[in-house]
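Any read-out appearing in this document is the output of simple, stated calculations on the displayed coordinates, not a laboratory observation. Source: prediction; values computed, not measured. Cβ placement follows ideal geometry from the backbone for every residue including glycine, while neighbour counts extend to all protein chains displayed.
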Amino acid sequence: LSESKPNSRKKLLHYVSGIMSASDREAFEQRLIEDEEFSNAVEADEFDLVDDYAAGVLPHAERKQISAWIEASPERRARVLIARELHRSSSNPQKSGFSWIWWAAGLAACLTLAAVLPFLRQPQPPPPPASVATVTEPATSIPTDTILLAAERMRGSRSRNPANTYTVHTGSPTHLQIMIPPSARDSDYMISLQGNAPGSRSPLQFAGVRPQGDTNAPYLELTLPPGTLFFDHYTLELNSPTGSYRLSFNVEVK
Amino acid sequence: MQPEFFEALLDLLGDGRQEAGTAYRSLHRRLTRFFRLNSRSDPESLSDEVMNRLAKSAANDPTAIASPGAFALGIARHLLQEDFRLQIRETETARHWNVVMAAVDADKEPILQAIQACLARLPEHKRELLRTYYEWTGKRKIDHHRQIADRLGLTINALRNRLMRARRELDTCVHRRLRDVSFENDIPDVDQERTD
């Protein structure tokens, strides 16, 4: 008998993550070898799972279940990288010539703008409260995602606080706003952003990022082009002559 | 595989060469899926080995094999354990892949180059299929895939099967390119397109 897709996918997840009971595992393998239709369905589910993992659209629980399985095999990791690269190169069809040069140029323009803006405008109100993970700017036609973080001074190798999860949207740029202590507002920062999933890109580095905002609520801001962030656990490091900070956060992509 | 073993295996799998041949390919495909889910090594080579051992058993004592599928699964599990032990001792293949992937983790340029080169070698319609299929993620993806399927006159399942074949071709090409130290020179052509 054929099964519903969510059910067969769930079974596959249980199988590859090793949480299936011995008897269910036995039955699953027997069907996989003896039942052509079931075997085809499992292959399709596996294909979708790896693709969804690469695209960063798996729910957190499923991602957790599958990541050890993917990491255990170099071939699976390669498949994730390939799928991720296909997603990246296909995600903006109207911009087929889009390259990292343009990406860097856009980023440089954003950073320049970020550096110049404090001199051009009145003091800004502090960023929105931490509970607001995503805001849409009504003044622009492209919806923008905002990730708001609070800098935490490095003490040892691990952050003290659990990482929050933020939702970003495919095709939308992301503003990263990082609140820093008032005492740390007088230096420029080197910011490093690193994903932790297998196959994540090399760290993104941003030099000379200048704090914004008023003296009581300074913050750093970066604008990341669409497609920069994937479903992943990210680590952000801030370094300046006055101190170093490390933050971590999770991203879900819709 | 020795010819007499092969003949014994075909006799075991079906009546007549055609039926037995179809059963052979089908069993091999399902074994490959089993190994793809469970093994870190090359799934197709492991499936070949199961078929070899099954053939040998069929030649020695066919009456001991009540169900070829169940017997093959027993061999596959045994082989998987052997493979795990080999992995622990780090086979040449695994070492190679791990070295490649460690290098890729540190610097993804080689794999990105391999993907681009392999995409360029694919027939245009397959490249276009991959490009359009991966345009969207999340909920929009489903609608988008339905539109592609309608445009091509396919069902969603047929579209995915076609896509999976293109992906497998691309993955195989990238795998070979990364494995081949002198990949800038002679790259074997990936398998020719099969009919849908």
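Tabulated data
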read-out	value
Qualifying residue in the range A:72-86 (condition: on the phi < 0 side of the Ramachandran plot, more than 18 Å from the chain's Cα centre (by Cα), away from chain B (no Cβ under 11 Å) and outside any helix (DSSP H, G or I))	no
Residue tally, condition within 7 Å of chain B (Cβ to nearest Cβ) and either among the β-branched types (Val, Ile, Thr) or touching a Cys at 6+ places or on another chain (Cβ under 6 Å) (or both), over the range A:50-71	1
Candidate set from the range A:12-40 (those that are more than 10 Å from every other protein chain (Cβ to nearest Cβ) and aliphatic (A, V, I, L, M)); member that is nearest to residue B:47 (Cα to Cα)	A:27
Residues that are in contact with a Ser or Thr (Cβ under 6 Å, 6 or more places away or on another chain) and assigned to a strand (DSSP E or B), drawn from the range A:182-222	A:189, A:194, A:205
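The rows are residues; the columns are (1) away from chain B (no Cβ under 14 Å); (2) within 11 Å of the chain's Cα centre (by Cα).
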position: A:219; (1), (2): yes, no
position: A:223; (1), (2): yes, no
position: A:227; (1), (2): no, yes
position: A:234; (1), (2): yes, yes
position: A:239; (1), (2): yes, no
position: A:243; (1), (2): yes, no
position: A:246; (1), (2): yes, no
position: A:249; (1), (2): yes, yes
